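Heads up: the structure comes next, in structure tokens.
The values are calculated or read from the model by the stated rules, or taken from the named source; none is laboratory data. From a predicted model like this one, the values you see are computed outputs, not experimental measurements. Backbone-built Cβ (ideal geometry, glycine too); neighbour counts: all protein chains shown. Note: accessible area is taken over every heavy atom of the protein model, side chains too, but ligands, DNA and RNA are not part of it. Shrake-Rupley method; radii C 1.70, N 1.55, O 1.52, S 1.80 Å.
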Amino acid sequence: MVKNWIKSKVFDGTFQPNQKISSESELMKQFNVSRHTVRLALADLVNEGLLYKEQGSGTYVSERSLKKNQTNSVSSKKVAIITTYISDYIFPSIIRGAESVLSQEGYQVTLFSTNNNHESEKRILETVISQNFDGVIVEPTKSAISNPNINYYLNLEALKIPYIMINAFYDELEPISVTLNDMQGGYLQTEHLIRLGHRNILGFFKNDDMQGLKRMKGYLKAYRDYGIPIIPQNIITYNTKSKDSALPLEQLEDRLSNSPEKITGIVSYNDELAMRILEVLRQKNLQIPEDISIVGFDDSFLSEVSEVKLTTIKHPKSELGEMAAKLIISLIEINNGPKSTDSTAESYVFEPSLVIRNSTKKINEFVCSK
């Protein structure tokens, strides 16, 4: 406990290089442990190079950033890629895109997965800081809610370890990022159904990631632009914890059973959820798209694996990973280059497009105008 607490305070920047840490007596009192236990913990951290002792004065944080600058005046060619998931869904394509560019430039890539969990993100950031990576590509964890690990990113900045964010970003940090225009994607999903004559459209959105909130914003904007009244009960939200549970599907069944007017269209947060929705619709003997139309998001491999080929929003996937890799290399070169370098790196936003397949259908001659 003592070691982990000190490490966290060092890695989140609470204890700065050359700063004296809590005394042995203070640590004994804080953790209710013996002096022997505290001394063992401090000795281990000194041996790891995280701390150093000054006789008669106390224990201090090692100057890791100075050591890094002295030993790595030339890049060590190490980049960390941190995503919420590694082997699931579209993430392998994003990672392959980034790895292809980084490996061509001689970079060693280490992959980490947070499972969209803040505690996992914290441990990974501690590892990244302790192992002196040259740069970090990171997908934020639960990007729509307050993040307890912001200090770790600020410490990366203090240690001059460049990072960029993909798919979303922590707005308060204003980082360089590579994203998709999710609001426009949600708009295109909804507009497509509206133009096909659908009015009573269910929208499913993940609400603890920025992507979900922006896609919901696009859904609402399309309704407003076409002058169609919004039915609040048709907006169904879920979070990471309930992602794989039956909760979103239970809400789907409730709306199908209790909506005053027939549900004719569904906008899904992504293709993964759309596949689960399709299964519920099959169980209710609803035909796609004859009885109900559905639009996914991401144009993943799932969009073409079932008998219903999914109309969906195209996600850049590999191209997004490639762009992220190019940007982090630029930032590393700026970091390691002369102060007068003219190199720059800026955020990049991909624009979405609609891929029309056979999961959507026109239901009448109704035409909307903005």
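Worth a mention:
- Any hit, segment 59-73, residues being among the aliphatic types (A, V, I, L, M), at pLDDT below 95 and in a helix (DSSP H, G or I): yes
- Every residue from segment 244-268 that is of a type in the set (A, V, I, L, M) and either at pLDDT 90 or above or within 17 Å of Arg195 (Cα to Cα) (or both): Leu249, Leu252, Leu256, Ile263, Ile266, Val267
Here is a yes/no grid of residues against (1) of a type in the set (S, T, N, Q); (2) at pLDDT below 90; (3) more than 35 Å from the chain's Cα centre (by Cα):
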residue: Pro17; (1), (2), (3): no, yes, no
residue: Ser25; (1), (2), (3): yes, no, yes
residue: His36; (1), (2), (3): no, no, yes
residue: Val46; (1), (2), (3): no, yes, no
residue: Leu50; (1), (2), (3): no, yes, no
residue: Glu54; (1), (2), (3): no, yes, yes
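- Number of positions in segment 250-268 that are basic (Lys, Arg) and either open to solvent by less than 80 Å² (accessible area, probe 1.4 Å) or within 14 Å of Thr237 (Cα to Cα) (or both): 1
- Total residues in segment 192-217 satisfying the condition of being under 16 Å from Ile294 (Cα atoms) and under 26 Å from the mean Cα position of the chain (by Cα): the figure is 6.
- Cβ-Cβ under 6 Å pairs, at least 6 apart or on other chains, segment 191-205 side more than 16 Å from Ser268 (Cβ to Cβ) and of a type in the set (Lys, Arg), far side open to solvent by 10 Å² or more (accessible area, probe 1.4 Å) and part of a loop (DSSP other than H, G, I, E, B): Arg199/Ile228
- Count of segment 340-370 residues which are modelled with pLDDT of 95 or more, open to solvent by less than 70 Å² (accessible area, probe 1.4 Å) and part of a loop (DSSP other than H, G, I, E, B): 5
- Matching helices (runs of 4 or more DSSP H) fully within segment 145-262 where at least 1 residues are aromatic (Phe, Trp, Tyr) and within 30 Å of Gly135 (Cβ to Cβ): 150-158
Residues are listed down the side, and each one gets a yes or a no for (1) closer than 15 Å to Pro248 by Cβ; (2) open to solvent by 20 Å² or more (accessible area, probe 1.4 Å); (3) in contact (Cβ under 8 Å) with a residue 60 or more places away in the chain:
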site	(1), (2), (3)
Met275	yes, yes, no
Glu279	yes, yes, no
Ile288	no, yes, yes
Ser293	no, no, yes
Phe297	yes, no, yes
His315	no, no, yes
Met323	no, yes, yes
Ile329	no, no, yes
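- Screening Asn132 with (1) within 24 Å of Asn47 (Cβ to Cβ); (2) outside any loop (DSSP other than H, G, I, E, B) gives one miss only, at (2).
- Only residues that are open to solvent by less than 30 Å² (accessible area, probe 1.4 Å) and not hydroxyl-bearing (Ser, Thr, Tyr) were counted in segment 211-242, giving 8.
- Consider segment 152-199 and keep the residues that are of a type outside the set (A, V, I, L, M, F, W, C) and surrounded by fewer than 17 Cβ atoms within 10 Å (Cβ to Cβ). The one that is farthest from Thr14 (Cα to Cα) is Arg195.
- Flag if Thr114 is free of Cβ contacts under 8 Å to residues at least 60 places away in the same chain and surrounded by 20 or more Cβ atoms within 10 Å (Cβ to Cβ): yes
- Of all the numbered requirements in (1) part of a helix (DSSP H, G or I); (2) open to solvent by 40 Å² or more (accessible area, probe 1.4 Å), Val38 misses one, and that requirement is (2).
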